[in-house]
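One structure is given here, and the rest of the page talks about it.
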Number of protein chains: 2
Amino acid sequence: MDTMKVERLTVNFKTLEEFKQFKHYGNQELSMLEDLESNMVENNILSPFFGIYFGSALVGRMSLYKVDKQYDHYFDPPQQYLELWKLEVLPDYRGNGYGTRLVDFAKSFNLPIKTSPLINSQGFWEKMGFEKANYDMQRDLGTNPLVWTPDGVHQKPTKPNIPQNIQLTETTIEQKQEG
Amino acid sequence: MDTMKVERLTVNFKTLEEFKQFKHYGNQELSMLEDLESNMVENNILSPFFGIYFGSALVGRMSLYKVDKQYDHYFDPPQQYLELWKLEVLPDYRGNGYGTRLVDFAKSFNLPIKTSPLINSQGFWEKMGFEKANYDMQRDLGTNPLVWTPDGVHQKPTKPNIPQNIQLTETTIEQKQEG
């Protein structure tokens with residue numbers, strides 16, 4: 001397992017082609033491709049993706065982005081944290097610890113981490129020490145965020161947010177609809 | 001089709017039980033259940049969910065939330081818009097126009113709409129007049145947002161955001177890792 005090297009991925013046509021094998025290929029990758037094709041970004045500019053190669057094949061990846069303290073709505077007190085998304089290992093390479101290695105790499109920065117994974121990956125994230133964020137509708141909408149905190153860091157406390165948020169905003173909607 | 005009535009759903013044990021049939025049951029519903037069980041919210045308080053019943057069975061649903069102008073990062077000029085999420089029709093009832101009816105209901109408020117659907121529902125959203133939001137990494141992260149705009153409303157213009165965001169933030173990460 002020590003040979004699994006996590007590498008910072010750069011934006012180039014080869015990597016963008018490899019990304020197409022991953023299920024969660026989407027707007028982010030398309031936007032990188034457009035920017036590269038139109039020369040809006042230089043070839044091999046740093047991307048937010050980190051990955052692991054097996055030989056010459058990219059077999060696992062994730063995105064990491066450092067969110068500034070001023071935008072933190074998850075931790076107490078507000079602080080810098082890492083947003084982690086698109087963690088994915090190609091089907092043929094699963095069960096070999098690649099996902100764990102990537103998450104351990106993210107943890108090594110010793111910053112709190114937030115991710116909004118797919119529902120059926122809950123077991124993996126629990127094993128990695130992540131816990132459910134206290135749900136806040138205005139903040140989380142349809143996502144199911146999980147957080148990991150280094151020692152001494154806590155989640156923002158819960159507040160009984162449902163009554164206020166919904167009644168204020170949604171009553172307005174209903175009035176408009178009927179009027 | 002005219003008999004498909006879209007109803008505002010309220011939070012009660014019956015509805016929360018019906019929600020369990022939907023694939024995207026998650027933190028939001030669990031939080032409602034906890035709030036109801038602990039009497040933090042009253043029974044039958046308004047929820048952000050709207051649904052369609054076939055007889056006595058809830059067969060389709062979505063959440064709608066009105067986002068204030070001050071939090072709008074999608075439209076130009078910034079304005080109130082609706083966030084739409086968890087649009088879902090139960091498998092046995094698909095192909096009958098329930099999804100279309102729900103989205104048409106959301107459109108009837110004549111506010112711009114933003115949603116971040118699953119990748120494989122792209123065709124449906126295009127048919128409904130939604131288009132891809134211009135990707136902005138800091139704002140969109142791993143989501144693939146789509147927007148619908150009433151006449152005269154436009155998306156926020158794109159900016160070449162990739163170089164600045166990534167180099168500033170991610171270089172810092174790399175330095176920290178190596179240091």
Those residues of segment B:116-152 which are touching a helix residue (DSSP H, G or I) at 6+ places or on another chain (Cβ under 7 Å) and not in a loop (DSSP other than H, G, I, E, B) amount to B:124, B:132, B:137, B:138, B:140, B:146, B:148
Mind checking which pairs have a first residue in segment A:133-151 that is more than 8 Å from every other protein chain (Cβ to nearest Cβ) and without any contact (Cβ under 8 Å) to a residue 40 or more places away in the chain and a second that is among the hydrophobic types (A, V, I, L, M, F, W, C) and part of a helix (DSSP H, G or I), Cβ under 7 Å, 6 or more apart or different chains? A:146/A:125
In segment A:24-36, anything of a type in the set (D, E, K, R), more than 8 Å from chain B (Cβ to nearest Cβ) and more than 14 Å from residue A:51 (Cβ to Cβ) is listed as A:34
Is at least one residue of segment B:27-45 at pLDDT 95 or above and touching a strand residue (DSSP E or B) at 6+ places or on another chain (Cβ under 7 Å)? no
Among residues of segment B:15-48, those that are surrounded by fewer than 19 Cβ atoms within 10 Å (Cβ to Cβ), without any contact (Cβ under 8 Å) to a residue 12 or more places away in the chain and more than 22 Å from residue B:101 (Cβ to Cβ), counted: 9
Residue in segment B:49-75 that is farthest from the other protein chains (Cβ to nearest Cβ), counting only those that are more than 21 Å from residue B:133 (Cβ to Cβ) and crowded, with 20+ Cβ neighbours inside 10 Å: B:59
Would a scan of segment B:90-100 turn up a residue that is of a type in the set (A, V, I, L, M, F, W, C) and either crowded, with 18+ Cβ neighbours inside 10 Å or out of contact with any strand residue (DSSP E or B) (no Cβ under 7 Å at 6 or more places or on another chain) (or both)? no
Residue check: is residue A:142 at pLDDT below 95 and closer than 17 Å to residue B:141 by Cα? yes
Filter result for the condition that a residue is more than 21 Å from residue A:84 (Cα to Cα), loosely packed, with under 14 Cβ neighbours inside 10 Å and at pLDDT 95 or above, over B:127, B:114: B:127
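The values are calculated or read from the model by the stated rules, or taken from the named source; none is laboratory data. Just so it is clear, the structure is predicted and the values come from calculations on it, not from any experiment. Using ideal geometry, Cβ is built from the backbone for each residue, glycine included, and neighbour counts are taken over all protein chains shown.
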